[in-house]
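Visitor: Quick one: the structure is below, and I'll ask about it shortly.
Laboratory data are not the source of any read-out in this text; all were calculated from the coordinates shown. Owing to the predicted nature of the structure, the values given are computational and were not obtained by experimental measurement. No Cβ is skipped: glycine too gets one built from the backbone with ideal geometry, and neighbour counts run over all protein chains shown.
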Amino acid sequence: MTKKTKPTFRHLIEMGMLDKQAIGYLFQNAEHFLTSSLEKDALQKTLSGKVVTNLFFEPSTRSRHSFLIAAKRLGAIVINPDMSTLATAKGESLIDTIRTFEAMGTSLFVIRHSDNNTADFIAAELSSNASVINAGDGDNQHPTQGLLDLFTIHRHKPNFPELKVTIIGDILHSRVARSLIEGLHIMDAQTIRLVAPTALVPNDVDQLGVQVFHTMKDGLQDADVVVALRIQKERMQDASIPDPNKFYQQFGLTSESLAYAKPDAIVMHPGPINRSVEIDSSVADGPQSVILEQVRNGVAMRMAIMDCLLT
Amino acid sequence: MTKKTKPTFRHLIEMGMLDKQAIGYLFQNAEHFLTSSLEKDALQKTLSGKVVTNLFFEPSTRSRHSFLIAAKRLGAIVINPDMSTLATAKGESLIDTIRTFEAMGTSLFVIRHSDNNTADFIAAELSSNASVINAGDGDNQHPTQGLLDLFTIHRHKPNFPELKVTIIGDILHSRVARSLIEGLHIMDAQTIRLVAPTALVPNDVDQLGVQVFHTMKDGLQDADVVVALRIQKERMQDASIPDPNKFYQQFGLTSESLAYAKPDAIVMHPGPINRSVEIDSSVADGPQSVILEQVRNGVAMRMAIMDCLLT
Amino acid sequence: MTKKTKPTFRHLIEMGMLDKQAIGYLFQNAEHFLTSSLEKDALQKTLSGKVVTNLFFEPSTRSRHSFLIAAKRLGAIVINPDMSTLATAKGESLIDTIRTFEAMGTSLFVIRHSDNNTADFIAAELSSNASVINAGDGDNQHPTQGLLDLFTIHRHKPNFPELKVTIIGDILHSRVARSLIEGLHIMDAQTIRLVAPTALVPNDVDQLGVQVFHTMKDGLQDADVVVALRIQKERMQDASIPDPNKFYQQFGLTSESLAYAKPDAIVMHPGPINRSVEIDSSVADGPQSVILEQVRNGVAMRMAIMDCLLT
């Protein structure tokens, strides 16, 4: 494979910033880190001496540690402040906190925040040439998750224009779904389908370029890629949303419902999984599942992104 | 000294897995790290690029940081997640959390949990060739503490078959005592004695191969090694257990009670110490105390164990 | 510039320990780290293999992470325990906790504590040759902040004997002010003035070698350096202290009040800033502000101090 040209971008805020060439470069770079670093447990030096500051204003295990491991594998100094003692709690503004870490020499901010567009807002306020990665903002975007999802699909089914992809569950609140849908369009995926109860379909669904279904039978027909989303149990207190048992009966990914998809369809989930709510254990742990590969690919993709932004 | 043969084991779950040869190898390896790393403040590279994930589901200062320093001294990337924000708190199963960190590339899990046999359970569920160290499970085992205790004894009194060892206090709840007793048997220690109020002697004491005493005078007679255990004050609310003052009068290690042991006996305690409850300051800080040596030896022994499991 | 002679001191407890030569050496060393490490994002190796233990018994973002980054830039292993799970919470004495980390191989303790003289007390109890840096004790001293302040002044206005320095606000509770005043005297600053409401002037002000003013007009006249201090809003519940609005009217650093100072005066603040309480945004973010330079210089100065203590 010929080496692709490195795209030039300073921040990664949303999937829509990227084109097919940039995503192709990131696939190649992530593949490189899978082989050179994860398989061999080898430390890289490309971020040696640089400071990466992880600012997660929402609790997170997997994304937070995925970025942490990726940055450390690249040799960076990683700052992972405990939000509860952060000066913003003392009334300092978010921007003053950011500028303080910037003045201390941060080269890259990884930002998760419950408010939409926080990463964008921060990127606009920086006075150095530091970079920003959006690690999830409200219900808006989660581009590194979208990219690791695309990379995982690419490793199993590289011909995107032939693919039928079905995304199931709480689309309404899912920044993961939003970034993945944008990415699939960039890669020219043939068909993108959503399967969800009416109350969990976003209002702007007409502008997403997708087909909407309300039964698994219709939505999963001949799918190549099946993505189950996490549904937060707290949301199910809303009367318009089915309770966990009903949701599982209608929209749970089980061996029965998965049988509507192609026999070699892959099954994805961003995690953490609610077993017996949105997915059955026989599927989550079954032969079609690539859920743990997504986690592994996530470290490699984040290495690829950081390397691309900072070197 | 001739170089001993490296034992081959993937996990360290309980003391009983080891034989005299394996423990001898670990003594030699720990001695090597004391000299080459701790004395010289020199970083090793043997775990460079490998990820060590510390999962402490119980609060801990000394063990947690001892493992952390040991792993960093060996050049590892160390993940030390804050339990309160861990996804297991969001309802993810323990095994899903473990598999996530495994997929991110963890080579070694260090596990502390309030449930007996958690480390064993986790080791059986791994799908990679990652290793597990039990850093304390319930009231069952704490093998790295047992090994650092043996190593500390070995550095002062290397001839185990001649030794009389006395362990004092809350044997019932002590995984430290249980691992040490097993280790002393493996090393063929001559005599192992327990001194405790009846309510703090375990039910299965007959199977432990020890002598039980209820007074310091009887239990400490001619001891070479004296181990005081931490007693948790909350347990003393139980009517069958003496209150702190009474416990100190009957079972506190003071210069008076220590005088029953041999004049060159060493005094050990796993920490943290309750001064004037299980031990007097004159003894804890006195010339026979090797309590801080235990802490130092703990870092070296954990380096030795990690090095042995992962290289 | 000729290389200055390295001063020999093991601990940094208070500004008064230093003389002009020692401070001059630290300026030169901090300048070296600004150039060689911060500008180039280059890792140093001078503390490689050494353990730095950060013990912050008070919440802190900027100092804690400034020390963390400085130590990591020098190649140290940094231990940053979570205070809430620290064994001192289990009733272990502070000194036993310190001795435990000392036995694990700590070369340097960085201590912040709400009690005056804690760092000094700890330094006296160590049994190894580990060093202690006071990172703020009660309302007593914060010498590394004082040094980074002096260094920031030095980079803009190197001729201290000609300088008029004005410090504004809550002097009474400010260890920052106390360390800076001592440092300015060591450097032979011409004039040191305080501007504060009566209730925020310390009782021992007569011994500080300063002039006290109660209006901005009088206190800022012809100042070369203007330092606004943080005032904690909780303190303003005291009836003798103006409320935030009144405080801002009388003692807030605004473009109007700053106009009393020299036109090229620099504006400093230790952070975090309360905008519209002690300082106006137009000044904090204005051309005379060096507040973010202080943050950057803080990392370099802490590198300089650690390097000086440990090598």
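Visitor: Only four residue types carry charge here, +1 at the Cβ of Lys and Arg and -1 at the Cβ of Asp and Glu. Report the dipole size of the protein assembly as shown about the Cα centre in Debye, rounded to the nearest 20.
Guide: 2440
Visitor: Here's another thing I want to ask about it. Lys and Arg at +1, Asp and Glu at -1: add these up for the other residues within a Cβ distance under 13 Å of residue A:218 and post the number.
Guide: Counting the neighbours of residue A:218, the net charge comes to +2.
Visitor: Relative contact order for the range C:27-177 using alpha-carbon pairs under 8 Å, separation at least 6, rounded to a whole percent?
Guide: Reported as a whole number, the value is 19 percent.
Visitor: Take every DSSP beta bridge with both residues inside the protein assembly as shown and express the antiparallel ones as a percent of the total, to the nearest 5.
Guide: Restricted to the protein assembly as shown, the bridges split so that about 5 percent are antiparallel.
Visitor: Go ahead and run the numbers for FRET between residue A:240 and residue B:205, Cβ-Cβ distance against an R0 of 56 Å, rounding to 0.05.
Guide: According to the calculation, E is roughly 0.35.
Visitor: Here is a further query. Along the axis that rotates chain A into chain B, which residue of chain A has the nearest beta-carbon, and what is the gap in whole Å?
Guide: A:82, 4
Visitor: Would you tally the net charge around residue A:47, using a Cβ to Cβ cut-off of less than 12 Å, leaving residue A:47 out, and scoring K and R as +1, D and E as -1?
Guide: Cβ neighbours under 12 Å give a net charge of +3.
Visitor: Right, here's the next one. Which value, in debye to the nearest 20, describes the size of the charge dipole of chain C about its Cα centre when Lys and Arg Cβ atoms bear +1, Asp and Glu Cβ atoms bear -1, and nothing else is charged?
Guide: 960
Visitor: The range B:1-50 to the range B:296-311: how many Å between their Cα centroids?
Guide: The distance from the Cα centre of the range B:1-50 to that of the range B:296-311 comes to 5 Å.
Visitor: Separate question: Would you please name the GluC sites (Glu not before Pro) within the range C:34-115 that are DSSP coil residues with at most 15 other C-beta atoms within 10 Å of their C-beta?
Guide: C:39
Visitor: Is the range C:1-74 rounded, prolate or oblate when judged by the Cα gyration tensor, a ≥ b ≥ c being the square roots of its eigenvalues, rounded requiring a/c under 1.5 and prolate requiring a/b larger than b/c?
Guide: Verdict is oblate for the range C:1-74.
Visitor: Which angle between 0 and 90 degrees, to the nearest 10, do you get for helix A:62-73 versus the longest principal axis of chain A when only C-alpha atoms count?
Guide: Once rounded, one gets 40 degrees.
Visitor: Once you order the gyration tensor axes a ≥ b ≥ c over the Cα atoms, which shape class does the range B:197-299 get: rounded for a/c under 1.5, otherwise prolate or oblate by comparing a/b with b/c?
Guide: Judged from the Cα gyration tensor, the range B:197-299 comes out rounded (a/c under 1.5).
Visitor: Just to confirm the numbers: residue A:282, label point 7 angstrom along the Cα-Cβ line, distances to the other copies in nm, shortest first?
Guide: Values, ascending and in nm: 7.2, 7.2.
Visitor: Amide H to amide H, which residues 5 or more places from residue C:213 or on other chains are under 5 Å from it, using H placed in the peptide plane?
Guide: Hits under the 5 Å cutoff: C:194, C:195, C:196.
Visitor: Something else now. For chain C, give the share of DSSP beta bridges that are antiparallel, in percent and rounded to the nearest 5; count only bridges with both residues there.
Guide: If I count the DSSP bridges inside chain C, around 5 percent turn out antiparallel.
Visitor: Contact order normalised by length for the range A:1-73, with contacts defined as Cα pairs under 8 Å and 6 or more residues apart; what percent is it?
Guide: 25
Visitor: With +1 on the Cβ of every Lys and Arg and -1 on the Cβ of every Asp and Glu, and nothing else charged, how large is the dipole of the range B:143-290 about its Cα centre, in debye rounded to the nearest 20?
Guide: The dipole magnitude comes to about 180 debye.
Visitor: Where does helix A:20-33 land angle-wise versus the long Cα axis of chain A, in degrees 0 to 90, nearest 10?
Guide: 80
Visitor: Suppose a student asked you for the relative contact order of the range C:215-262, using Cα pairs under 8 Å spaced at least 6 residues apart; what percent would you report?
Guide: 65
Visitor: If you add up the charges near residue B:135, with Lys and Arg at +1 and Asp and Glu at -1, over every other residue whose beta carbon is less than 15 angstrom from its beta carbon, what do you get?
Guide: Once positives and negatives cancel, what remains is -1.
Visitor: Also: Could you tell me the distance between the Cα centroids of the range A:103-133 and the range C:198-213, to the nearest Å?
Guide: Between the Cα centres of the range A:103-133 and the range C:198-213 lies a distance of 42 Å.
Visitor: Right, next: Where does the protein assembly as shown land at 222 nm, in deg cm²/dmol rounded to the nearest 500, when only DSSP H runs of n ≥ 4 count, each adding -39500 (n - 2.57), divided by all residues?
Guide: Rounded to the nearest 500, it is -10500 deg cm²/dmol.
Visitor: How shielded is B:94-106 by partner chains, expressed as the average number of their Cβ atoms within 10 Å of its Cβ atoms?
Guide: Partner-chain Cβ atoms within 10 Å, mean over residues of B:94-106: 6.
Visitor: Could you let me know the centre-to-centre spacing of the range A:233-282 and the range C:244-272, using Cα atoms, in angstrom?
Guide: Each part's Cα centre sits 59 Å from the other's.
Visitor: Where does helix A:143-156 land angle-wise versus the long Cα axis of chain A, in degrees 0 to 90, nearest 10?
Guide: Around 60 degrees separate the two axes.
Visitor: Non-local amide H neighbours of residue B:170 (under 5 Å, H modeled in plane, Pro and chain starts lacking H): which ones?
Guide: Sorted by chain and number, the residues that satisfy this are B:229.
Visitor: Using only the Cα atoms of the protein assembly as shown, build the gyration tensor, take square roots of its eigenvalues as a ≥ b ≥ c, and label the shape rounded, prolate or oblate: rounded if a/c is under 1.5, else prolate if a/b is larger than b/c, else oblate.
Guide: In terms of gyration-tensor shape, oblate.
Visitor: If you don't mind, another one. In whole Hz, with x marking every Gly and Pro, tabulate ³J(HN,Hα) for the range A:283-299 from phi via Karplus 6.51 cos²θ - 1.76 cosθ + 1.60, θ = phi - 60°.
Guide: So the J values, rounded to whole Hz, are 8, 4, 9, x, x, 8, 6, 10, 5, 6, 4, 4, 4, 5, 4, x, 5.
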